[in-house]
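Everything on this sheet refers to the single structure shown next.
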Amino acid sequence: ASRFCTAFNNQTGFLCNDGATCILARQVCDGVSNCRNREDEQEKLCGDLPSSLPGYLVFRCSNPTYWIYADQRCNGMNDCGDCSDEMGSCKC
């Protein structure tokens, strides 16, 4: 089942096991347990970033060696380093 959810400000989120808690994409695998049962920090999710993450949590920059969390896209900051995360279909 998809754990996609919409966090505050319409940002991409990750749904915890409780089915109610929606954390921001960038809170997954950040070393801090945001879900009650630590499912946002599990090895199977965080073992091989970014390929171990579900695709909806990841935005790949124009430079293929860089990636950011999906909720960092169109946030008014150049997270990719080449502005590829702030171009295109941004509604910033």
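The values are calculated or read from the model by the stated rules, or taken from the named source; none is laboratory data. Nothing here was measured: the structure is a model prediction, and the numbers come from that model. Every residue, glycine as well, gets a Cβ built from its backbone with ideal geometry; the counts of neighbours run over all protein chains shown. Note: accessible area is taken over every heavy atom of the protein model, side chains too, but ligands, DNA and RNA are not part of it. Shrake-Rupley method; radii C 1.70, N 1.55, O 1.52, S 1.80 Å.
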- Message: With the requirement that a residue be under 20 Å from T6 (Cα atoms) and either open to solvent by 50 Å² or more (accessible area, probe 1.4 Å) or modelled with pLDDT under 95 (or both), what does region 38-66 give you?
- Response: R38, G55, Y56, R60
- Item | Tabulated pairs, region 19-39, first closer than 17 Å to D71 by Cα, second part of a loop (DSSP other than H, G, I, E, B) and among the β-branched types (V, I, T), C-beta under 9 angstrom, 6+ apart or interchain | N34/T21; N34/V28
- Test: S2 is part of a loop (DSSP other than H, G, I, E, B) and at pLDDT 95 or above: no
- Message: Go through (1) open to solvent by less than 60 Å² (accessible area, probe 1.4 Å); (2) of a type in the set (F, W, Y); (3) in contact with a strand residue (DSSP E or B) (Cβ under 6 Å, 6 or more places away or on another chain) for Y69 and report which single condition fails.
- Response: (3)
- Message: Yes or no: region 32-48 includes at least one residue that is in contact with a strand residue (DSSP E or B) (Cβ under 7 Å, 6 or more places away or on another chain), under 24 Å from N10 (Cβ atoms) and β-branched (V, I, T).
- Response: no
- Message: So C29 ticks every box in (1) within 11 Å of the chain's Cα centre (by Cα); (2) surrounded by fewer than 20 Cβ atoms within 10 Å (Cβ to Cβ) but one. Which box is left unticked?
- Response: (2)
- Query: Residues in region 24-58 that are touching an Asp or Glu at 6+ places or on another chain (Cβ under 6 Å) and not basic (K, R): how many?
  - Reply: 5
